[in-house]
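J.: My questions all concern the structure below.
The values are calculated or read from the model by the stated rules, or taken from the named source; none is laboratory data. For clarity, every value in this text was computed on a predicted model and none was experimentally measured. Here the Cβ positions follow ideal geometry from the backbone for every residue, glycine too, while neighbour counts run over all protein chains shown.
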Amino acid sequence: MALFKLPFTNKSTNKDSKEIHNSFEKIPEHIAIIMDGNGRWAQKKGLPRIAGHREGMDNIKRIVKIANHFRIKILTLYAFSTENWKRPTSEIDFLMKLPIDFLQHYLPELMEENVKIQTIGEVDDLPGNTKSAIMRAIEQTESNTGLILNIAINYGSKFEIVQSVKSIYKEVIHGNYSIDEITEDTIAEHLYTSHLTDPDLLIRTSGELRLSNFLLWQSAYSELWFTDTLWPDFNEDEFEQAINDYQKRKRRYGGI
């Protein structure tokens, strides 16, 4: 059930659906999703947490296909944060195997969908097998021209910003910049997302109302959309609701 639901009911009406399908110029170019609630989904069903993570992995494939249908250009998914290393070792080990399983099972379908895989985060610090699977997928989909599936893995926004500042400082030392030449664009150019547009719409599932160190710089003017639905149950109807709500909002960027 969506928390921000004034523009729509719990299920999209036929009119809403028609409006979306006939208004592709208002579709967000970049959607970012905090995929939250896998563990609670499993607990509600009396299953171990890892069962929720596996179901959440399967839902990624479904949402990627839906995003492609709506002609989204970039879909950024928060898969594993720098803070997630605090979880039990057994759960971390399972989470590190999920990208391997996901790409092994679904990469052929992603290729058929013309999806291009990219990542943001400290991929080099991942276990060797996990990193290898991700790098192979990036290489195999490099020439694809469809939806960019941007996976945020071992990602933390505060760390990203700190690294950006350090990189700029090094360039100042080497004479590439003066202090007065550093602008917001300079910082953005040194972030993981320098090659991407900022998210137009940021979705969080599971009822939590926070960004959890995700794209803090990039989401300064993103439209936010929250739902109580746990990630494994987040489906086409709610994805459509989020887009429908986005279409009805006015993005003023501080203006009138």
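J.: Could you give every pair whose Cβ atoms fall below 7 Å, whose first residue belongs to region 104-128 and is more than 17 Å from ILE92 (Cβ to Cβ) and modelled with pLDDT of 95 or more, and whose second residue is among the small types (Gly, Ala, Ser) and in a helix (DSSP H, G or I), counting only separations of at least 6 or pairs across chains?
T.: Within 7 Å, the pairs are LEU107/ALA137; ILE117/ALA137.
J.: When SER164 is evaluated against the numbered criteria (1) farther than 19 Å from GLN118 by Cβ; (2) assigned to a helix (DSSP H, G or I), which criterion, by number, is the only one it fails?
T.: The single condition SER164 does not satisfy is (1).
J.: While we're here: Quick one: how many residues across region 102-112 are surrounded by 14 or more Cβ atoms within 10 Å (Cβ to Cβ) and farther than 15 Å from GLU142 by Cβ?
T.: 2
J.: Take ARG210 and decide whether it is within 22 Å of TRP41 (Cβ to Cβ), under 15 Å from the mean Cα position of the chain (by Cα), crowded, with 17+ Cβ neighbours inside 10 Å and of a type in the set (D, E, K, R).
T.: Answer is no for this residue.
J.: Residues to consider are GLY175, GLY254, GLY146; find the one that is surrounded by fewer than 20 Cβ atoms within 10 Å (Cβ to Cβ) and in contact with an Asp or Glu (Cβ under 8 Å, 6 or more places away or on another chain).
T.: On inspection, the qualifying residue turns out to be GLY146.
J.: Condition test on LEU201, is it among the aliphatic types (A, V, I, L, M), under 19 Å from ILE74 (Cβ atoms) and crowded, with 16+ Cβ neighbours inside 10 Å?
T.: The answer is yes for LEU201.
J.: Now, a different point. Go through ARG204, ARG136 for me and flag whichever is basic (Lys, Arg), closer than 28 Å to TRP225 by Cα and touching a residue at least 24 places away in the same chain (Cβ under 8 Å).
T.: ARG204
J.: Do you know which of the residues in region 55-75 that are among the aliphatic types (A, V, I, L, M) and in a helix (DSSP H, G or I) is surrounded by the most Cβ atoms within 10 Å (Cβ to Cβ)?
T.: ALA67
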